[in-house]
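Notes follow the structure.
The values are calculated or read from the model by the stated rules, or taken from the named source; none is laboratory data. Here the structure is a predicted model, which is why all the values come from computation and not from measurement. Positions of Cβ are backbone-derived with ideal geometry, glycine not excepted, and every protein chain shown enters the neighbour counts.
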Amino acid sequence: MMNEKNYWWQRILLIFSVGLFAISCVAVPNISTPSISPSNQMISVTELQDLMNKEEFTLVNVHIPLEGNIAGTDAMIPYDEIENHLDQLPADKNAKIVIYCLSGSMSRVAMQTLIHLGYTNVFDLENGYNAWVAHGLPLKE
């Protein structure tokens, strides 16, 4: 009889421990870090064209090695060194910045870095320089 009681207590303790462990593994969002949602941080070629005609913003090529620039590019900063070249970006962390690379993978990394550094208005050109070229749009000499 005593062994049967120990068995049930051990099972209850095991279930409780597993449940407690599972609860402790749930990810808690980091309130101090802005959430990054790629869908709302992307800008299409058409949207970038419209933006160029309407607003002031900083356009940054982050691709390495350099393959070419979109007309109007303000800075060329390697994607993996962007935090070391903040002097080439607006001091106002709320200023609009559009970044691009050849196809989009390097610019996503750069965008996330800038957002983690506190920049709040950063956009990534969807499909990058390749999409701009495919639309036959102006390039920087």
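Per-structure values
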{"quantity": "Enumerated helices (runs of 4 or more DSSP H) restricted to region 1-70, each holding at least 1 residues that are among the β-branched types (Val, Ile, Thr), over 19 Å from Glu126 (Cα atoms) and modelled with pLDDT under 90", "calculated": "2-24"}
{"quantity": "Pro78 vs. criteria more than 17 Å from the chain's Cα centre (by Cα) and not β-branched (Val, Ile, Thr)", "calculated": "no"}
{"quantity": "Qualifying residue in region 97-109 (condition: at pLDDT below 95, part of a loop (DSSP other than H, G, I, E, B) and of a type in the set (Ser, Thr, Tyr))", "calculated": "yes"}
{"quantity": "From Val109, Val60, residue being surrounded by fewer than 18 Cβ atoms within 10 Å (Cβ to Cβ), free of Cβ contacts under 8 Å to residues at least 60 places away in the same chain and β-branched (Val, Ile, Thr)", "calculated": "Val109"}
{"quantity": "Unique match (being free of Cβ contacts under 8 Å to residues at least 40 places away in the same chain and either surrounded by 17 or more Cβ atoms within 10 Å (Cβ to Cβ) or not in a loop (DSSP other than H, G, I, E, B) (or both)) among Asp80, Asp92", "calculated": "Asp80"}
